[in-house]
Amino acid sequence: MGELVYGLLGRKLGHSWSVPIHTALGCAGYRLIELEPEELPAFLAREDIGGLNVTIPYKMDVMPLCDKIDDRAAAIGSVNTIVRRDGKLLAFNTDADGFCFMARRAGVDFHGGKVLVLGSGGASRTAVACARQLGAREVVVISRSGPDNYENLSRHADADIVVNTTPVGMYPGNGAAPVDLTAFPRCRGVLDVIYNPHRTALLLQAQALGIPCSDGLAMLVAQAKAAEEHFFSRSIPDGETERILSALRHETENIVLIGMPGCGKSTIGAALAALTGREAVDIDAEIERRAGCPIPEIFARGGETEFRALERQATAEAGKRTGCILLTGGGAVKTPENYGALRQNGRIYHLLREVGTLPTDGRPLSQGADLAAMWRERKPLYERFRDTVIDNNGPAEETAQAIWRDFCAYSGD
């Protein structure tokens, strides 16, 4: 028999980050395996299977095709890890390890609480089992058509914890949320198994409300570690989970620059690109590409209203990217929806430069304007959007280095 097969089994896997995680854990040949439902039996009959993770929509479908189901996986009714040993397929649920790690890491306490689990698939089954294991008083599954559904959520306004196991808000459907958290005034914890984007609309709302929360990347890394231990019958130090999680956050988080027109975003973006090797994405350039004309022509044709609509669209698309430097226009903060688009995968830096030194050439709203008045209007908007402030009255290279130092220390917060 040749080299054994290790990988992630699913139907559509373009969004997956599993390969770099398993590679970091030492499984160099790990790959993505996309199959249609009718292909599952023949594939799982292969004798060269070493170890597989299983994701949507096959976490329950693979169970009849396995020779032995681990007791915990059988109790949960969902499988996400398969290993072939002595010609037999053994099935496990390491999602449970990942879920419990995610909850503890986020400081979400299930003890004595009422838990709403959104969704009824394989990930939901894991969340229900873990919630009970962690001491939940009551666990309610919300589905689209079950007795507890999105039309009668008001009967569960006393929920303490909300767990999203649906794909609502997942890339490329960024920006959507399965529920409005203000419907649950007692809520003390929110967990979302989605990890792309880093901060779904649900998590951004939780953060705005001051509710402890977590995305699913911590769960993904922790379950991968547990899966690798099954694959190779070896123990992996717990510290590897945090090491890989930190590296992934750093690699995939965007650096976002905001600030007044002429404050130096393009110059600093170029300096950061040279310093880090990351791509700098100029959202104004994307607007011009979409419009087929320069920004001054957009203003002449449709005024600021047309420009802001194009800017919102371009920002929404740019914000879905990961590991980039995003350069915004000076007035991007005037559109509230742009905050979620920029923050979902990014750390936002507000560049400050003395108002009297700001250039106005080529900037329709700056020419002939009272820049001091513009600053007074936009200052609270920049403060709402930003994660931190960076002074840009000195050399560009020094500013870029200051941003990179901060980013290396705090990316992923």
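Each value in this text was obtained by applying a stated rule to the coordinates, not by laboratory testing. As the structure is a prediction and not an experimental result, all values here were calculated from the model. When we count neighbours, we look across all protein chains shown, and the Cβ atoms used for this are built from the backbone with ideal geometry, even at glycine.
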When only Cα pairs under 8 Å and 6 or more residues apart are kept, what is the percent relative contact order across region 75-223?
-> 24
Length gain on complete extension for the stretch Tyr150 to Trp375, per 0.36 nm per residue less the alpha carbon to alpha carbon distance?
-> 76.7 nm
Taking H placed 1.01 Å from N in the peptide plane, check which residues at least 5 places from Arg31 or on another chain put their amide H under 5 Å from its amide H.
-> Tyr6, Gly7, Leu8
Could you work out the relative contact order of region 294-365, using alpha carbon pairs under 8 angstrom and six or more residues apart, expressed as a whole percent?
-> 34
Inter-site label distance for Lys12 and Asp387 at 7 Å from Cα along Cβ, in nm | 2.9
Which residue fluctuates the most in the chain, going by a Gaussian network model with Cα springs under 10 Å, if the choices are Arg11, Arg85, Arg31?
-> Arg85
What label, among [x] 58, 55, 53; [y] 76, 55, 38; [z] 66, 48, 31, belongs to Cα extents along the principal axes in Å computed from the structure on display?
-> [y]
Which of the pairs Lys68/Lys225; Lys225/Lys320; Lys225/Lys265; Lys114/Lys379; Lys320/Lys379 have their Cα atoms more than 32 Å apart in this structure?
-> Lys225/Lys265; Lys114/Lys379
Nearest-0.05 FRET efficiency for Cys293 and Glu397, computed from C-beta distance (R0 41 Å) = 0.75
So what is log10(I(q)/I(0)) for region 97-215 at q = 0.11, 0.13, 0.24 1/Å, when the Debye sum runs over its Cα atoms only?
-> -0.29, -0.42, -1.68
Once you list every other residue whose beta carbon is under 12 Å from the beta carbon of Glu229, what net charge do they have if Lys and Arg are +1 and Asp and Glu are -1?
-> -2
Proxy exposure order for Leu217, Leu275, Leu191, Leu310 (fewest C-beta within 10 Å first) is Leu275, Leu310, Leu217, Leu191
At most 16 other Cβ atoms within 10 Å plus a DSSP loop assignment makes a site exposed; report the longest stretch of the chain without any exposed GluC sites (Glu not before Pro).
-> 152-278
Value of [θ]222 nm, deg cm²/dmol, for the chain, DSSP H segments ≥ 4, -39500 (n - 2.57) each, nearest 500 = -12000 deg cm²/dmol
Taking His350, His250 and counting other beta carbon atoms within 10 angstrom, the fewest-first order is His250, His350
Can you give the translational diffusion coefficient of region 253-410 in µm²/s, computed by Stokes-Einstein from the Kirkwood radius over Cα pairs at 4 °C and 1.567 mPa s?
-> 83
Return the distance in nm (one decimal) between the two label points of a simple spin-label model at Tyr410 and Glu354, each offset 7 Å from Cα along Cα→Cβ.
-> 2.6
Going from the fewest other Cβ atoms within 10 Å to the most, one would list Ile287, Ile142 as Ile287, Ile142
Nearest 10 degrees, 0 to 90: what angle lies between the long axis of helix 265-276 and the longest principal axis of the chain (Cα atoms)?
-> 40
In degrees between 0 and 90, to the nearest 10, how far off the longest principal axis of the chain does helix 371-385 point, with axes built from Cα atoms?
-> 10
Along the positive direction of the dipole of region 254-413 (beta-carbon charges: Lys, Arg +1; Asp, Glu -1; about the Cα centre), which of Leu272, Leu381, Ile325 reaches farthest?
-> Leu381
Calculate the length of the line joining the C-alpha centroid of region 216-285 to that of region 1-30, in whole Å.
-> 19
Normalised contact order of the chain, rounded percent, pairs of Cα under 8 Å and 6 or more residues apart = 12
